[in-house]
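Have a look at the structure below before the remarks.
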Amino acid sequence: EATRLLTERQIKKHCNCRHIHGRTRHGHSRRDCIARVQRFLVTRLGEDWIFLVLLGITMALVSWTMDYASAKSLQAYKWIHGELRGNIPLQYLAWVSYPLLFVLFSSLFCHLVSPQAIGSGIPELKTILRGVVLKEYLTVKAFIAKVIGLTAALGSGMPVGKEGPFVHIASICAAVLSRFMSIFSGVYQNPYCYTDILTVGCAVGVGCCFGTPLGGVLFSIEVTSTYFAVRNYWRGYFAATFSAFIFRVLSVFNKDAVTITALFRTNFLTGKFKQRQIRLVFPAVVTLVIATLTFPPGFGQFMAGELMPRECINSLFDNFTWTKISGSPTPVGLGRSAAWVHPDVNVFVILLLFFLMKFWMSAVATTMPIPSGAFMPVFILGAAFGRLVGEIMATLFPHGIVFDSILYRIIPGGYAVIGAAALTGAVTHTVSTAVICFELTGQISHILPMMVAVILANMVAQGLQPSLYDSIIQVKKLPYLPELGFGHMSQYNIFVEDIMVRKVKFVSLQSTYREVKLLLDSSSLKSIPLVDSKDSMILLGSIDRLELLALCDWWLSPERRLLMQVRTGQGPPCWLVFSVLPKDFTALAIVNFFHVDLSLWCLGINIQLLLSSTPPPKSSISLSTVSYTKSQILVLLFSLAVSLADRKSCIKAWEEAEMDKPMEIDEIRVDPSPFQLVERTSLHKTHTLFSLLGLSHAYVTSIGKLVGVVALKEVGNFICAGLFKYTQLSEVFAHLSRL
C-alpha cells in the first residue's frame, strides 16, 4: 500500500496530465461533499456521541444475540436429555456428543477463520494498550470467529465464561467503528485516540456482558490499564450504561427477565493437518471427560451435574438453607436448587465435590483452543465455596447469631455472593468485582463484609502470584512490562545508560540506497533513527520501516525507470505514455504494455501519432479504420526502445548506478519528534513513561547526539532479572574496595 501511494505521488509529480487533473477535480468535489456531511454531523450531534451510541447499540445487540442463541442451545440440550429419560445408554450418548460437536465446531471454526480468536483476549488487550502491536487481533475476521466460536462454546454447556472474550469482541467493534468514524473526523486516526477507544471498548464489553455498567468500567480500568485517563470516564460510563440498558430491555422483551434491574436477582433477608488433528483431539478429550463426569444419572448426581452455569448461580444465591431441607420433604418453590439435595448424600459432600471437581474442570476447559473466559467459572467456584461456608455457619448457629440483643439470621446465599466476589477479585487482582456483584444481585446489604472479603483476598493473592491475565501473558511470552514494586530504593539509582543498547542501527542524510537496503535486510526494526551524519550523530527524527521499503521499491521499480527514460528523452513520448493510453491503465501495466503487447493495442491508432515527438491536439487523436500489419508496428516500436537483447544488461547497469546514489529524504515521511531520554534518566522514571505513554522504544541522546536506544524488551528483562535489587549492594562493595 505504501509503495502504491508513493508511486502515485511520483507519477503526479513527473507527469501533469489532463486526465489526472480531471480526476483531481472530481476528487475535490467528493471531498467537499464529505466535508459538508462531516461538519453537519459534528455540529449537530457531536462526534463522540455518535461513536458511543453506535458502539453501545452494536454491542447490546451482539450480546443479546449470543445469549439468546446459547440459551436456546442449552434448552435443546436439556430437552434431549429429558426426552431420553429411562434409556441410560442413549442418554449418555446424547449428553456427551452434544457438547462435543459444539466444542469441535468452535475450535475448527476459529482455527480456519482467525486463530487469534482463541482464548480470553484480555491478556492480548493489556499488551496492545501498553503500546505493542499485535497483528490480526483487532480485525473483522477475528470478530466473526470470536462471536461464532464463543456462542458455540457457551451453547455446549462447558465451564467456560463469556466476559473475557466479550471484552475482546467489544474492543474489535470499537476499533472497526473508529475506522468508520475516521471518514467524518480525522481525530480517530490519532494513535493516542485509538488507545482511548480500546479502553472504552473494554468497559462496554464488561458492562454489556452482565448488564453492570459501573462495575464494568471499574473492572476494565483495573484489568487493562496501568494508568487511566480521567477524560475517558464519561465515555466509558455513557457507552457501558447505554449498552447495558439496551441489553436488559432486549432481555425483558424476550421474556428472559422480569425487570431491567439485576441479572441474578436476590432477595436476602436483612440481617496444519497433524497439528490440526492434535488441536481437535485435545478439546475432544477434555469435553468427553467433563461430560462423562457430569452425567446426571452417573457421578453427576453427586455434584449437581445437571445444572448449567447460569442455573448454578441462581441456585447458589437462593434463600433456602439446604441443611434444613436435607432428609425432609422438598419444599414448594425450591426449583433447580433441588439438584443440590440428595437423599443419600450430605449437602456438604455435594458442595465440596462440586467445588473440587469444577475447580480442575474449569482450569482445563479454559485451556481448550476455543474462545473462553475464566471470570464466570471462577465466579461459580467462589459462590460454591461461600455457600459451603454459609451452610456450615447455618448448622453451627441454627437460630442465628445474637449481637447487642439483636438476632442476625444466617443466610447461606449471602455467603455465596461474598465468596463469588472474593474469589474473582483474588484471581483477577481487582476490587471492582464487589461492585459487579452489587449490580448482578441488586443487593447492597452485604456491602461491608463483601468489601472486606475482596480486599483481604486481594492482599493474599497479590503476595502469592500475578493475576490470571498476567500469568497468561507470561505463559504466552507476550511483550509486557512488569511492575517495579515498592521498597526498592535502588530503582532510583539505576539509569538508562545502564540498560540501553549502544550499537544503534541508523540511517544518515548521506546514506545510499544500497546501505538502506542492506540495513532493512539485516534487521527487523519497525522504525529507524535518522541522524545528520555519521560523525555528528545528531538525531533528526525517525523513519518508519514501511516508508524505507516503499522508497527502495520505488527507486528500482519499472515505473520509475520508464519515467526517467521519458524525462531524459530515451524512451517513448510522454504524451503517448500518459495521454493516449486509457485512464484506468496503471504504471506497471504501461511497462508491460510497451515491452510486450503494445503492438496489439496500437493497431487501431493512426501511425503518424506514433512518429510525432510532441502531443497533437485532442481533436487529431482519433482511431483509424486502416489496419496496419503487426510487423509494421513492431518495427516502429523497435526504433523507439533499446533492443530486447540488451534490455536486461542495461537494466542491471542502471540499477547498480541508482543504488549508489544518496537517499532522497524529501520523498518519504519522517517523524521529527521521536521520544527521547537522556542518559541519566532513572529506571523508575523510564518505567513510568513507558507505562503511561505506551511506548515500545525510546532513543537515548546526549546533547542531541544519538548514543543508544532502550526498548520495552530491555526494561522488562532487566526488571524480571531483578538486577536493580543488587545494584545498591554492589555500589557499597565498590566504594569499600576504593577505600
Query - Filter result for the condition that a residue is open to solvent by less than 40 Å² (accessible area, probe 1.4 Å), touching a Leu at 6+ places or on another chain (Cβ under 8 Å) and not assigned by the TED database to the domain that holds I380, over E163, E124 - result: E124
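Which residues, taken from the stretch 340-372, are β-branched (V, I, T) and under 23 Å from the mean Cα position of the chain (by Cα)? Explain how you work it out, then say what you get.
Filtering the stretch 340-372 for residues β-branched (V, I, T) gives 341, 345, 347, 349-350, 364, 366-367, 370.
Answer for the stretch 340-372, where residues must be β-branched (V, I, T) and under 23 Å from the mean Cα position of the chain (by Cα): T366, T367, I370.
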Report task. Please go through the stretch 498-511 and pick out each residue that is open to solvent by less than 30 Å² (accessible area, probe 1.4 Å) and of a type in the set (S, T, N, Q). Result -> S508, S511
Requested in this report: Read through the list (1) over 22 Å from the mean Cα position of the chain (by Cα); (2) at pLDDT 70 or above; (3) in the same structural domain as F143 (by the TED database), then give the number of the only condition that R235 fails.
Outcome: (1)
Requested in this report: Given the conditions (1) open to solvent by 20 Å² or more (accessible area, probe 1.4 Å); (2) of a type in the set (G, A, S); (3) under 26 Å from V289 (Cα atoms), report the number of the one that S405 does not fulfil.
Outcome: (3)
Report task. Name the single residue, out of those in the stretch 50-73 being open to solvent by 30 Å² or more (accessible area, probe 1.4 Å) and touching a helix residue (DSSP H, G or I) at 6+ places or on another chain (Cβ under 7 Å), that is modelled with the lowest pLDDT. Result -> I50
**Report entry** Hits in the stretch 672-683 (condition: surrounded by fewer than 17 Cβ atoms within 10 Å (Cβ to Cβ) and in contact with a Leu (Cβ under 9 Å, 6 or more places away or on another chain))
**Finding:** P672, F675, Q676
Requested in this report: Taking E547 as meeting all but one of (1) buried (at least 17 other Cβ atoms within 10 Å of the Cβ); (2) not in a helix (DSSP H, G or I), write down the number of the exception.
Outcome: (2)
Query raised in the report: Limited to the stretch 443-479, what total is found for residues that are loosely packed, with under 15 Cβ neighbours inside 10 Å and of a type in the set (G, A, S)?
Result: 2
Query raised in the report: What is the one condition in (1) modelled with pLDDT under 90; (2) touching a Phe, Trp or Tyr at 6+ places or on another chain (Cβ under 6 Å) that A420 does not satisfy?
Result: (1)
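Would you be able to say whether some residue in the stretch 282-290 is touching a Leu at 6+ places or on another chain (Cβ under 9 Å), of a type outside the set (D, E, K, R) and modelled with pLDDT under 80?
To start, the set of residues in the stretch 282-290 that are touching a Leu at 6+ places or on another chain (Cβ under 9 Å) comprises 283-284, 287-288.
If we keep only those that are of a type outside the set (D, E, K, R) as well, we get 283-284, 287-288.
Filter once more, so that each one left must be modelled with pLDDT under 80: none.
Scanning the stretch 282-290, I find no residue that is touching a Leu at 6+ places or on another chain (Cβ under 9 Å), of a type outside the set (D, E, K, R) and modelled with pLDDT under 80, so the answer is no.
The values are calculated or read from the model by the stated rules, or taken from the named source; none is laboratory data. In this text the structure is predicted, and so the values were computed from the model without any measurement. With ideal geometry, Cβ positions are generated from the backbone for all residues, glycine too; neighbour counts draw on all protein chains shown. Protein only, heavy atoms only, side chains kept; ligands, DNA and RNA dropped before computing areas. Shrake-Rupley method; radii C 1.70, N 1.55, O 1.52, S 1.80 Å.
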